[in-house]
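Below is a structure I'd like to ask you about.
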Amino acid sequence: MLKNFWYAVEFSAAVTSAPQPVKLMGENYVLYRGHHGQVVAMADRCIHRGAALSGGWVEGDCLRCPYHGWRYEADGTCVQIPADQAGTPIPKRARVDTFPVEEHYGMVWMFVGDLPAEQRPPIPSLPEYGDPKWRVITGEYTWNAHYTRVVESGLDTAHAPFVHSVFFNLRDEAEVPPYEVQVDDWSARARTLSKPPKRAGLLKLIVKRDRPFSSATLTAHLPNINRIHLDFNFRGYQYIYFASNIPVDENTTLTKWIGLRNFLPQAWADWNSRKNTNDTYREDKAVIESQVPRVVPLTGEILLASDSLQLAYRKLIRQCVERGWAVGNDYGMPINLDSANGNGKAPVGVTVS
Ligand code: FES
Ligand SMILES: [Fe+2]
């Protein structure tokens, strides 16, 4: 995975005073909410003898290890060792790594990396969240795939007639009209036009039969966020899908997604919105999980005009790899907790061109 980014690792509502384990590229972290409501993110490994702190409990703003009861402050400092005689000083090394945390759009964002605050890439914006015109639903889905393959599927218009033929146009109408890719430092985006999707589910209620086209603005925010903004080209009706594809490990991605719609704001319509997303995931699953190499390669596949957006995403990843931001076994170095906050070394074994 890439370090030096904010990762949306959990929904805010799931983070309480009960410690919640989180895994990012094989490394374990623990989240909890202190008594003022602030979220704390720590390495989920007690510095004493390695027990998972997520098995412990919260006391005020502190986290208590379940094994021998060492008590850690929110900044990771151990402040109590119950087995020590009274008055024994606590070793300076008795502390665990903590990680910056912010909450936006009902999600907890954790920063993994070594950049000072002012140099960190921004958290992507989602201005529609919190706007009363937009109805919000959420969900999650697990893939046996690397997150880069999952992100790319959300940038890909050419697969829709094949993988999602229930919803989209016929396979003999699979041509992808040329589209323009816009790239900035941390994202790549394109507005694509297609024949309108079939009037299935809620679309039967909200769109007319004779629309000439519908559009989708597809965005990849580095490293693992998809935003898909559908415009049904009818009465301004739109649907936005915003997904954090969490890199659990090299072969597992946990997608936590937010869906926003500005039509049918009633709760009864949520079920169909959620079903559409889950059905789409199920259709995508077989092909995405079959892809080799598991990690999106930086050279070697045959990318065509219809793959321009994926190419832009790969170029952005490559720039990060060249900066030395790759950690883990995909593009970078094996990660361990001691270096999770400070591995600035260049990766090895990566071909970039
Ligand atoms: S392993 Fe945590 S207190 Fe001993
Ligand atoms: Fe798909």
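The values are calculated or read from the model by the stated rules, or taken from the named source; none is laboratory data. This one's a predicted model, so the numbers in the text were calculated from it and none came from an experiment. Glycine gets a Cβ as well: all are built from the backbone with ideal geometry, and neighbour counts include every protein chain shown.
Yes or no, residue by residue, for (1) assigned to a strand (DSSP E or B); (2) assigned by TED's automatic domain parsing to the domain that holds Thr253; (3) at pLDDT 95 or above:
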site: Ile123; (1), (2), (3): no, no, yes
site: Glu128; (1), (2), (3): no, no, yes
site: Gly139; (1), (2), (3): yes, yes, yes
site: Glu152; (1), (2), (3): no, yes, yes
site: Thr157; (1), (2), (3): no, yes, no
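Given Arg45, Arg33, which one is more than 16 Å from ligand 2 (Cβ to nearest atom), modelled with pLDDT of 95 or more and farther than 15 Å from Met110 by Cβ? Show your work before the answer.
Values: Arg33 fails: farther than 15 Å from Met110 by Cβ.
Being more than 16 Å from ligand 2 (Cβ to nearest atom), modelled with pLDDT of 95 or more and farther than 15 Å from Met110 by Cβ holds for just one of Arg45, Arg33, which is Arg45.
What number of residues within the range 87-115 satisfy the criterion of being within 24 Å of Gly324 (Cβ to Cβ) and either of a type in the set (Phe, Trp, Tyr) or part of a loop (DSSP other than H, G, I, E, B) (or both)?
8
Scan Leu53, Leu63, Leu115 and give me the residue that is more than 16 Å from ligand 2 (Cβ to nearest atom), more than 25 Å from the chain's Cα centre (by Cα) and either aliphatic (A, V, I, L, M) or within 30 Å of Asn224 (Cα to Cα) (or both). Write out each step before concluding.
Values: Leu53 fails: more than 25 Å from the chain's Cα centre (by Cα); Leu115 fails: more than 25 Å from the chain's Cα centre (by Cα).
Answer to the check: Leu63.
Residues of the range 239-284 being touching a Leu at 6+ places or on another chain (Cβ under 7 Å) and either in a loop (DSSP other than H, G, I, E, B) or assigned by TED's automatic domain parsing to the domain that holds Lys23 (or both), which ones?
Passing the criteria: only Leu264.
Another one. Out of (1) free of Cβ contacts under 8 Å to residues at least 60 places away in the same chain; (2) over 28 Å from Pro265 (Cα atoms), what's the single condition that is false for Ser125?
Among (1) free of Cβ contacts under 8 Å to residues at least 60 places away in the same chain; (2) over 28 Å from Pro265 (Cα atoms), Ser125 violates only (2).
Now for a different question. Any residue in the range 130-137 that is touching a Pro at 6+ places or on another chain (Cβ under 9 Å) and either surrounded by 13 or more Cβ atoms within 10 Å (Cβ to Cβ) or β-branched (Val, Ile, Thr) (or both)? Show your work before the answer.
Restricting attention to the range 130-137, the residues satisfying the condition of being touching a Pro at 6+ places or on another chain (Cβ under 9 Å) are 132-135.
Narrowing further to those that are either surrounded by 13 or more Cβ atoms within 10 Å (Cβ to Cβ) or β-branched (Val, Ile, Thr) (or both): 134-135.
Within the range 130-137, one or more residues are touching a Pro at 6+ places or on another chain (Cβ under 9 Å) and either surrounded by 13 or more Cβ atoms within 10 Å (Cβ to Cβ) or β-branched (Val, Ile, Thr) (or both).
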